[in-house]
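The block underneath contains the structure these notes are about, expressed in structure tokens.
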Amino acid sequence: MMLVIMFSSVVLLFIIGSIVLVAEIYLIRAAQTQELRLLANTLSANSQQPLVLGQYSKIESLLASLLQQKNIHAAYVFDKKGVPVAEYLKQQDSQFVLQSLQNDFREKHKTFWSTSTTERQLSSKNHFSLFSPIHYEGKQIGTLYLLSDLTRLYGHLSGVAFAITLAFLLLISLSWLLAGRLQKPISIPLQQLASLMENISQAKDYSIRAEKVGHDEIGTLVDGFNRMLGQIELHQVYLAEHQIYLERIVSDRTAELRTAVTGLELASQQADAANEAKSHFLSRMTHELRTPLIGVLGMNELLQRTSLSEQQQELVETVQKSGEQLLHLISDVLDFSRIEAGKLSLELTEFELPQLLEDVVELLSPQADEKNLSLRVKIASNSCWKVRADEIRLRQILMNLIGNAIKFTSNGSITVSLNCSQSSDNSGTFVLAVADTGRGMMAEDMRQIFDVFYQTGSSGESSGAGLGLAIVKQLVDLMNGRIDLTSTPGQGSKFQVTVELILVEKPLHLQEIN
Amino acid sequence: MKRPLLAIAALLFFAGGILALFWFGRSFISYISSTNGFSLERPEFQSVPLGTPAVIDLHGNGFSRETSVSLFVDVNNSEAIVGSYPLEGTYNESLLSGHFIYLASDEGGLQVLDIAEPQQPQLLKRYLAGRTIIDIHRNGNYLYLSCGSLGVSIMRVLPDGLLDHIADISTDSLAKSCQFLGGFLYVAAGSGGLLVYDVHQLEQAKLVQIIKLGSAVSKVSLAGGFLYVTAGRKQINIYQLDRPQTPRLIESLKFVENLYDSVIQQQRLYVATEGGVSLYGLTDPAHPELLRRWADFGSANKIFAGLENIYVSDNFSGLRIINSENESSPGYFNLTINPRTVVEIPDYLFVAGSNRGLLIVDRKLLLMRQAVKTIQTQGSARDLFIKNNWMYVANSRDGVSLHDLDAEGASFTTLSTQWGASLAAYNDLLFVAQAKEGIKVFDISTLGQPEVIAIWPNLQAMSLAAAADEYLLLSKGIHGVELVDISDLHHPVVRDVLSDIHALDVALDGHFVYIASKNEGLMIYELEKNAKLNCLGHLQTPFPMNQFDIALSVYPQGGMVYVANGRSGMLIVDVTNPAEPTILSSIPISGICKEVRVVDDKAYITSHHGGITVVDVKDPENPTVLSIIPMSAMSKGLQVVGDLIYVAQRKMGVTVVPVPIAAETTKFISEKHLQVTLPSPHFPGRYSLQVNNKRESVVVDGVVDYQ
């Protein structure tokens, strides 16, 4: 702060000093011009008669009086033709005189001492000269030239500069001394206060108090600061107490939570163990069930090839049919248990997606035909890609969806569609939709349709275990896809599977078309 | 910015401020001091035995550590000149009447001054403005003024000293002098002869007699009823006035030398001639008897009768006083004026000259010529050359005279009777330019017995410069410069001519030739091996200074050329690059600078009216004037030998003055107090002080008398 004040003062004084110097230059210059003009007028007046009479020695005697004028170094009187007739030269500073004469009496100034009827001035950084016409009875009879130095100007300026510099130095010195004197009552307490603030901000110790050294503004500032510290300290105490209270509550809550979590973890572990045991059991059981059932179905097929009576034939077919349903059911249970146990993983192969769709539809067409249903396929041209995906699981999804549609549609049609909603260089988003004109579902059914073992209210029409759509949902999730269901009771349902599949290439015949 | 940097910046700023303060303060104090002016109180007069240093406390104003003090001989009786009255013009005659002086001016008529208070004369009135008054004669209450072509004017003297113009008498020729006796006026009318007017009725003067003498009548004087008429240049006719209308010639005094003036005082006739003054007793006025002759005058131009003494203007440069009582050898007094008329009152002399006003001289303080020696020459001394205490003087009458400087008295040997203009020497050869008479060559190998070894009547020159023993350079005025091959002294051959230069002086330094020319300033040539002069450069002062200066003399030394530049003083020119000579400085010197010589970093310049100026040229860019010895009638001759300066002073011959002596120690005590220790000069006499500071100088006359 002290430096800023000193710097400002110095700059201000410098500006003022510069202004004073410039003003002095103009003032002294003007005064010197006036003096030189006065001198020239006097000399001109006294030179008139001798100049007219050609008494040039008298003019020189007159000019010799310039010896008393210390600043005049040379003087010349010219007649009306511009011929110099009288001379005065000062003994000293001949170089100055020679240079000034060379400067003033250039060819371009010739009119100054020959024909000019008005006063002319010439100057340089160290000389000032005047050409003053000499008149007699209204006519110009000659010219007087006076050469002056600028000693007076520079002398005055050096005096002014001396005063300004002295003022500068005094200002700096006094400021310095004053600053030293003011440091104890002002700066030191302020510095101590600043230091205390720094300590408090670092140590966070709000019990420290600033020492008051006086009853002036700084003392008031110290009081205010100490009051502020007191309030902060009080708030700190409140905050500490509240923190302790909060910490105690948090501790209690944490203990309770820890107990609950421990219980939950234990329950979870038990549930997981139970679930694992269940899955393990189901998996093992289904596997164990499939083996004898397959044996039964094999034997039953062998039995069908034998000559049986019609009744026996019907019984055997019934056995076969029931066995196959049971096998299917067991397989579903097996798949589901494997999915839930995390043991099912996708096996990617390259295949043509439209072909898969057609194959599944063709496989299930007989069942549709049996119910006199129209099973239609709509494959969009943009979806005819060879893709890299798990063909078996996609087939399983389609089989379940189309099978369910056939199962729950009594008349009308079933439409299976495939569309590629968007594609990039490497992948495409495919939408597989199965829409039927069956009885549709209530909203309640739609919310639970993908739950395990859930079956709609008219279970008489369903012959499954309620695992198909749950498996479909699990498989779609496994493929990072989405399954949507729209359904209107009495009008039909529409299942839409959206999956992103890796594109390999377009089937050859489609490439040719493209 | 970090604190140390700030501190350093502040410290530097402060130090800069201190320096600036010091610098500005110094300039300011210097300026303030310069405005105070430079002045000196007259120190107490000291009489010191020769050989003893003088310690003088100087009090005044404007002293500094650079102030220099020098001691120079008071050649001009400056101490005795106690006052002056400014009057313009040249004065021919004066007359004392009571406490009034009537001064006859050459062009300004008659002026009446009241000298009741001798040191404060007052001009009462001017009469006959514009007239030339040659002579004043008083008879009773009337003044008879010889007014040249306007004849004679008669004025009545009123009791208050003023005049009443009574009448004018016209003469057909120049009225130069007149005398009144018994109602008749005798007028010396130049070529018109001696005129006799009957002036019983002043306003109706009547010419009664014309006496033609066959030569111009310039002066008439009366004594004991006899009229003494100066006829021509060499004769005084004595007329008896027993019949005033018809003066009767009874005797003629004839003179060998030209007769300049005469005066009668107390039955004695003093006749001033070219070489001296003759005193005739007029016990028998018809037959003057030669009583004595003083021959050691330069040229006794005018003679005046005072109350007690006879005053002679010697060559219009000094005043010589003949005591009519003891008739001892007339003392010589320089007065820095060309004395043309003198008025004597008991304690003072009033001396008027040319354009210097009226000097008031305290007779008690008058000292005889302060010069170490004065060597008279028969003619006008123009140049000199000194070798081994033998001095050769070129003068207008003797050609060359040889003076033994060791010998007592004024003996000399005339080596030539033809006009002597300039001298140049090389080894044992002395070349004498004799203007139209050609050049004479002397062998000066035998001291005191020079022999003419060659005469070149066809080679005319104003000044000369010798280049080894091979060439001689001739400065021939408007005819330019000639380079003469003098390897065969009997057959000099002109090798080169520079005809388009108005050459006034020529000098040589090595193979460079420096020519002082009237219109072109300083010209520099190279003397080539094929004996041709090749112009390298020239230099002139800038306009309008060049309109006033005339390079009259050049003196090359150590890469500089010192030019005596006529009215503009002395120029110091750097000629290290001859193609581009540069003016280093110029010192204006009053009078017309004629000659310059440089010895031991001091330049000695002679100026026609300014005397001898000694300039310290150690720093050629800032030369300092050390001393000015005011003398007059200086010609070109100048040589410094040891601690003596020899200068040629035209008809006054050669004057020898001591070289100014610088103060041994100068102790600066304050701006107002200086203490100097002055070494004793080798020559007794009254010495003046010249005190110089950077810009001004002050002379205090007659401060120390070394006895």
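The values are calculated or read from the model by the stated rules, or taken from the named source; none is laboratory data. Keep in mind that this is a model prediction, so the values were computed, not measured. Positions of Cβ are generated from backbone atoms using ideal geometry, with glycine treated the same way; all protein chains shown enter the neighbour counts.
Some points to look at:
- The numbered conditions (1) crowded, with 17+ Cβ neighbours inside 10 Å; (2) closer than 16 Å to residue B:44 by Cβ are all true for residue B:673 except (1).
- Test: residue A:312 is in contact (Cβ under 8 Å) with a residue 24 or more places away in the chain, part of a helix (DSSP H, G or I) and out of contact with any helix residue (DSSP H, G or I) (no Cβ under 8 Å at 6 or more places or on another chain): no
This table checks each residue for (1) surrounded by fewer than 16 Cβ atoms within 10 Å (Cβ to Cβ); (2) in contact with a strand residue (DSSP E or B) (Cβ under 6 Å, 6 or more places away or on another chain).
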position: B:457; (1), (2): yes, no
position: B:462; (1), (2): no, yes
position: B:482; (1), (2): no, yes
position: B:487; (1), (2): yes, no
position: B:493; (1), (2): yes, yes
position: B:503; (1), (2): no, yes
position: B:506; (1), (2): no, yes
position: B:509; (1), (2): no, yes
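- Residue that is farthest from the other protein chains (Cβ to nearest Cβ), among those in the range A:135-160 that are in a helix (DSSP H, G or I) and out of contact with any Leu (no Cβ under 7 Å at 6 or more places or on another chain): A:153
- Flag if residue A:20 is farther than 30 Å from residue B:589 by Cα and at the interface with chain B (Cβ under 10 Å from one of its Cβ atoms): no
- Enumeration of residues in the range B:567-593 that are in a loop (DSSP other than H, G, I, E, B) and either at the interface with chain A (Cβ under 10 Å from one of its Cβ atoms) or touching a Leu at 6+ places or on another chain (Cβ under 7 Å) (or both): B:567, B:568, B:569, B:578, B:579, B:581, B:588, B:589, B:590
- Filter result for residue A:184 (surrounded by fewer than 15 Cβ atoms within 10 Å (Cβ to Cβ), out of contact with any Pro (no Cβ under 7 Å at 6 or more places or on another chain), at pLDDT 85 or above and not aliphatic (A, V, I, L, M)): no
- Among the residues listed as B:561, B:617, the single one being of a type in the set (A, V, I, L, M) and at pLDDT 95 or above: B:561
- Pairs with Cβ under 7 Å, 6+ apart, first in the range B:621-632 and within 9 Å of chain A (Cβ to nearest Cβ), second part of a loop (DSSP other than H, G, I, E, B) and not aliphatic (A, V, I, L, M): B:625/A:91
- Every residue from the range B:131-166 that is surrounded by fewer than 18 Cβ atoms within 10 Å (Cβ to Cβ) and in contact with a strand residue (DSSP E or B) (Cβ under 9 Å, 6 or more places away or on another chain): B:138, B:139, B:140, B:141, B:149, B:156, B:158, B:160, B:162, B:164, B:165, B:166
- When each of A:195, A:173 is tested for being surrounded by fewer than 17 Cβ atoms within 10 Å (Cβ to Cβ) and within 14 Å of chain B (Cβ to nearest Cβ), the lone residue that passes is A:173.
- Hits in the range B:272-298 - residues which are in contact (Cβ under 8 Å) with a residue 24 or more places away in the chain and either within 12 Å of residue B:238 (Cβ to Cβ) or touching a helix residue (DSSP H, G or I) at 6+ places or on another chain (Cβ under 8 Å) (or both): B:280, B:282, B:285, B:286, B:287, B:288
- Tally of residues being crowded, with 17+ Cβ neighbours inside 10 Å, under 18 Å from residue A:85 (Cβ atoms) and more than 14 Å from every other protein chain (Cβ to nearest Cβ) across the range A:113-129: 1
- Listing of strands (runs of 3 or more DSSP E) fully contained in the range A:324-433 that carry 2 or more residues being touching a helix residue (DSSP H, G or I) at 6+ places or on another chain (Cβ under 6 Å) and farther than 19 Å from residue A:469 by Cβ: A:349-352, A:374-379, A:413-423
- Residues being polar (S, T, N, Q), in contact with a strand residue (DSSP E or B) (Cβ under 7 Å, 6 or more places away or on another chain) and in contact (Cβ under 8 Å) with a residue 24 or more places away in the chain - total across the range B:119-130: 1
- Extreme residue, nearest to the other protein chains (Cβ to nearest Cβ), among residues of the range A:75-97 that are part of a strand (DSSP E or B) and aromatic (Phe, Trp, Tyr): A:76
- Qualifying residue in the range B:630-644 (condition: closer than 27 Å to residue B:690 by Cα and in contact with a Cys (Cβ under 9 Å, 6 or more places away or on another chain)): no
Listed here are the residues, each with its yes/no results for (1) surrounded by fewer than 22 Cβ atoms within 10 Å (Cβ to Cβ); (2) farther than 28 Å from residue B:354 by Cα.
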| position | (1), (2) |
| --- | --- |
| B:578 | yes, yes |
| B:581 | no, yes |
| B:585 | no, yes |
| B:590 | yes, no |
| B:594 | no, no |
| B:599 | yes, yes |
| B:602 | yes, yes |
| B:605 | no, no |
| B:613 | no, no |
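- The residues on offer are A:343, A:386, and the sole one that is farther than 19 Å from residue A:436 by Cα and exposed (fewer than 15 other Cβ atoms within 10 Å of the Cβ) is A:343.
- Members of the range A:62-97 that are under 19 Å from residue B:623 (Cα atoms), modelled with pLDDT of 85 or more and touching a Pro at 6+ places or on another chain (Cβ under 6 Å): A:89
- Any hit, the range A:65-74, residues being part of a strand (DSSP E or B), within 30 Å of residue A:138 (Cβ to Cβ) and either more than 9 Å from chain B (Cβ to nearest Cβ) or out of contact with any Gly (no Cβ under 8 Å at 6 or more places or on another chain) (or both): yes
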